[in-house]
Amino acid sequence: MPSKITPTPNVLFLIVFFLASCSSFAPAPTATPTSTHTPTATFTPIPTVTFTPSPTLVPAPERATYTLDTAIDYDAHTVDVNETIVYPNHTGGQLNALVLAVEPNLWEGGFTLTSVSIDGVQTTTYSLEGQRLDIALSSFFQPETVLNIEVQYTLTLPFADQQDPSISRPRIYGYTLRQLNLTNWYPFVVPYINGEWILHEPWVYGEHLVYDAADYEVNLKFTDPASVPIVASSGFAEPQVDFVRYTITSARAFAISASREFQVSTLQLGDVTVSSYYFPSGVVGGQAVLKTTAEAIQVFGERYGPYPHKTLSIVMADFKDSTEFSAFYYHSPLYYEQYDGTPLNYLTFIGAHETAHQWWFEQVGNDQAQQPWLDEGLATYSEHVYYEGIYPDLVRDWWAYRVDFFNPQGFVDLPVYEGQGFEPYRKAVYLRGAHFLDDLRGRIGDEAFFAFIQDYLTQGRGKIVNADDFFRILSMHTSTDYSDLVRQYLQNIY
């Protein structure tokens, strides 16, 4: 590869649509991906689960648990859900209300709420407006105790018309002619930080939701057992007698994608099963990104810390976007179409980027609306770390082709609401974010930099961190002055 890459017209085509949600190493996996065209087995309806109210003083578990008994009518595009949330109060104070995010209610007629119960007692003291569900409690919810919240509802999925000019970014939640996507599809209790429920307004680009880590059990069936689609999900699948149970622990957001057209390739990496789901047109790219993702898991596992889950699903999207969820990411079909078989391409760039979000978003959470650089800057720089480990001769080309061609500028720590458009936002948060981290690494040295990154992961795992935490932990690993870099790249001084 030449040391300088001049993007082709196809690359410029990608630029228009680009939206990324986004020493030695062990060798790349050599296993040959295996393919299957067999749909998921069919199952009969699951029985209704009855939950016993928790005693008031039961010690609170570490995380909330979400159990979602879910029935999908694939052809009618509806979903019936009985959801139970076992929610521990770790806020440090007593609460008289809860706030849940309900994203499906942003679509008119998209969310029909049947009932809400607290500790087995149905309540009507709630209000639902837009994406916000406020539940007033009949008595104070004491610290370090638990509430059981039961919510029954029906989703009527929107058609994700990607040609609609009123849509500023590709619509993910809903269905297309060949794919059903459940993202942010269930009500969840939003984080409570410094006396405030954190639920930001949606924006035309970037992410606005903030997630506590939680444990999930999704019991899934389809109403037409004769024509069940292939399912990609965040969780580990365990077929039961008459349904499939998916589980995952310490996760931020549980996603499901289903299609009757999916083909699947898998690769085993230790005890982690990596699966690539793609349409017939994406066979070559689907197997290539499977290899990239497995390589990235190895590299980031060595440089940062271990991958936390049993599975990782890569899903070829039926929309022009790549974005991350727990143990799951969507990949834009543009990258499959443009894949040229070489290692210097957006299928590989963004595959590494979205895999990195399993560390920076999934393990270490942050406020993606107010401080998106904490996950997007780190995920972009992780592409560089991936190339160092797998394609060290192409690192300079990665900088030229992926970053510097776009003339990055602006302050790294922009909130999504101040980006003044996706391109200025991306140049600042993603691309200058990568330069800031590289300059910081150069200033303090590799040993201190990666010791800091590993400690940042350790201290932030399962939590929601902020920029103050980032620099507090950094200061524990170096006495070198980097204040000029902070002034150069960030608008706020930490």
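The values are calculated or read from the model by the stated rules, or taken from the named source; none is laboratory data. It should be emphasised that the depicted structure is a prediction, and the values quoted were computed from it without experimental measurement. Don't worry about glycine lacking a Cβ; one is built from the backbone with ideal geometry, like all the others, and counts go over all protein chains shown.
Among the residues of segment 467-485, which ones are over 27 Å from the mean Cα position of the chain (by Cα), in a helix (DSSP H, G or I) and surrounded by 17 or more Cβ atoms within 10 Å (Cβ to Cβ)?
Step one: list which residues in segment 467-485 are over 27 Å from the mean Cα position of the chain (by Cα), which gives 475-485.
Now drop any that are not in a helix (DSSP H, G or I), which leaves 475, 483-485.
Of everything in segment 467-485, just one residue is over 27 Å from the mean Cα position of the chain (by Cα), in a helix (DSSP H, G or I) and surrounded by 17 or more Cβ atoms within 10 Å (Cβ to Cβ), namely Leu485.
Which of the following residues is over 24 Å from Glu295 (Cα atoms), in a helix (DSSP H, G or I) and hydrophobic (A, V, I, L, M, F, W, C): Leu440, Leu394, Leu378? Lay out the reasoning, then the answer.
Details: Leu394 fails: over 24 Å from Glu295 (Cα atoms); Leu378 fails: over 24 Å from Glu295 (Cα atoms).
None of the other options fit; the residue is Leu440.
Pick out the one residue from Leu220, Leu267, Leu290 that is outside the structural domain of His353 (by TED's automatic domain parsing), in contact with a strand residue (DSSP E or B) (Cβ under 7 Å, 6 or more places away or on another chain) and within 21 Å of Leu155 (Cβ to Cβ).
Checking each option against the conditions leaves just Leu220.
In the list Glu383, Glu447, which residue meets the criterion of being within 22 Å of Ala294 (Cβ to Cβ), of a type in the set (D, E, K, R) and assigned to a helix (DSSP H, G or I)?
On the way: Glu447 fails: within 22 Å of Ala294 (Cβ to Cβ).
Sole residue among the options that is within 22 Å of Ala294 (Cβ to Cβ), of a type in the set (D, E, K, R) and assigned to a helix (DSSP H, G or I): Glu383.
Quick one: which of Tyr307, Tyr330, Tyr336 is crowded, with 21+ Cβ neighbours inside 10 Å and either of a type in the set (Asp, Glu) or more than 21 Å from Ala255 (Cα to Cα) (or both)?
Tyr336
Filter segment 71-104 for residues that are in contact with a strand residue (DSSP E or B) (Cβ under 6 Å, 6 or more places away or on another chain), closer than 21 Å to Pro61 by Cβ and part of a loop (DSSP other than H, G, I, E, B) and give the result.
Result: Asn89, Thr91, Gln94.
Is at least one residue of segment 235-254 surrounded by fewer than 21 Cβ atoms within 10 Å (Cβ to Cβ), of a type in the set (Asp, Glu) and not in a strand (DSSP E or B)?
Yes, that holds for at least one residue.
Which one is farthest from Phe140 (Cα to Cα) among residues in segment 86-101 that are hydrophobic (A, V, I, L, M, F, W, C) and out of contact with any Ser or Thr (no Cβ under 7 Å at 6 or more places or on another chain)?
Narrowing segment 86-101 to residues hydrophobic (A, V, I, L, M, F, W, C): 86, 95, 97-101.
Still in the list and also out of contact with any Ser or Thr (no Cβ under 7 Å at 6 or more places or on another chain): 95, 97-101.
On the way: Leu95: 5, Ala97: 8, Leu98: 11, Val99: 15, Leu100: 17, Ala101: 21 Å.
If we take residues in segment 86-101 being hydrophobic (A, V, I, L, M, F, W, C) and out of contact with any Ser or Thr (no Cβ under 7 Å at 6 or more places or on another chain), then Ala101 is farthest from Phe140 (Cα to Cα).
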